[in-house]
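Here the structure is laid out as structure tokens; the discussion comes afterwards.
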Amino acid sequence: MQSNATPSPKSRSLRANIAELAHRPLVLPTASDASASGKSALAAFKEVEKPTGIKLLKVYNQLAKSNLTILVVLTSMSGVALSPFPATIPVLLATALGTVLCSASANTLNQLQEVPFDAQMARTRMRPFVRRAITPLHGLGFAITTGIAGPAILWGMTNATTACLGLANIVLYAGGYTWLKRRSIANTWVGAVVGGIPPLMGWTACGGRLLPETWTLESLPLFLPPFIADAASMPVPVADLTTLDNPLAPFAFFMFLFSWQFFHFMPLSHIVRHSYAQAGYHMLAVFDQRKNALVALRHTLLLVPVCSVLFPISGLTTWWFAATTLVPNAICARGAWRFWQKGGEKEARVLFQQSLWYLPVVMGLMMFHKQGMSWLEWLGIVDKEENINTVET
């Protein structure tokens, strides 16, 4: 059955255009046309600008992960600040500079290996190598230069032990930790070891030893709290950390930063677990969120005896440190418990925020309650002789 409908003017026009195109001869592009098109594309191409001057320094700053490097330097300085051994200004500056260079090298080598994976995560896709702000060869040169200069400065200005610790941190972070991130959840524990090394660098830079030359009871300075000494009719022991053979001090430093890494990283990895899964990173939060929260709780609770027992008996702080740190430890332990119980985004963010203020607060209390430190005398409020007479009385 045929339709008697009359085609519209628009339909007739479209049919006419199709008929005209059908009868038009096919014209293939010539070599000259292709050449002109190529020249046009080349003219539109814009080469990535090579950073120089201030821009290059900013790129170096991003390669070094400045925020993380500052944290590493501050923790290494805690070892210097709490050390009973004298530290000169050159040693202090050399320790800080050497630590900065070692951290910069480790972070650059880490980013150099993770370019294709960083490109898949929103929070890392603007890193220098990903956005091609610097060539891989240039970045490798920066990593090698800082990786040689850091341990060399530590060796020349402090000692071989500190230099070896700095080199070990580069190898562990850029090698073991980075390699394990896409293979095993053990990467987090290796990363925690890396975080526990910087304060040991500060301790050894001032002349402290990691292990005593001879294992004797004298090498374990157990400083009892006054009430226990009084109950046992013993004189209150006076802190004497002038000996180099004090293994409890570096062990306390290491355990404090080692446990803090889990307290800090586990809630963070829970928050960004989808990004880690997208990039193929083997994080505990990706595989088992319940166990991830349990590890955070375990190490947050472990910080209580580290602060309230290990630091005072090592002789680094007074027993007032044990008492005053109970407050921040209780707050954070409650946050970790809630994170383990509920395992939600809100609880993870609360615990992560607590980990950020916890470290400077407790490290500040370490300095305030440093063994043998009289702040009234240091501020000039009380004379040294008056302070001695008060202690004797």
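Remarks
- Protein accessible area in region 247-334, 1.4 Å probe - carbon and sulfur %: 71 percent
- Solvent-accessible surface ranking, highest first, for Trp203, Trp319 at 1.4 angstrom: Trp319, Trp203
- Label-to-label distance, nm, for residues given as Ile144 and Trp357 (7 Å Cα→Cβ offset): 4.7 nm
- Calculated FRET value between Cys164 and Ile70, using beta carbons and R₀ = 22 Å, to 0.05: 0.40
- Rounded if a/c under 1.5, otherwise prolate or oblate - region 69-189, Cα gyration tensor axes: prolate
- Accessible area of Val309 in the full protein assembly, 1.4 Å probe (Å², nearest 10): 70 Å²
- Region 43-130: GluC sites (Glu not before Pro) falling in loop per DSSP and having at most 11 other Cβ within 10 Å: Glu47, Glu49
- Measuring with a 1.4 angstrom probe and ignoring ligands and nucleic acids, His274 comes out at about 130 Å² accessible.
- Distance between the modelled labels on Thr52 and Arg183, one decimal in nanometres: 4.2 nm (7 Å Cα→Cβ projection).
- Over all projection directions, the Cα-based convex hull of region 320-374 averages an area of 3.7 nm².
- Where labels lie 7 Å past Cα in the beta-carbon direction, separation of Ala152 and Val309 in nm: 4.6 nm
- When Lys50, Lys370, Lys291 are compared by accessible area at a 1.4 angstrom probe, the order from most to least is Lys50, Lys291, Lys370.
The values are calculated or read from the model by the stated rules, or taken from the named source; none is laboratory data. Here the structure is a predicted model, which is why all the values come from computation and not from measurement. Methodologically, a virtual Cβ is constructed for each residue, glycine included, from the backbone with ideal geometry; neighbour enumeration extends over all protein chains shown. Just so you know, the surface numbers come from the protein's heavy atoms only, side chains and all, with ligands and any DNA or RNA stripped out. Shrake-Rupley method; radii C 1.70, N 1.55, O 1.52, S 1.80 Å.
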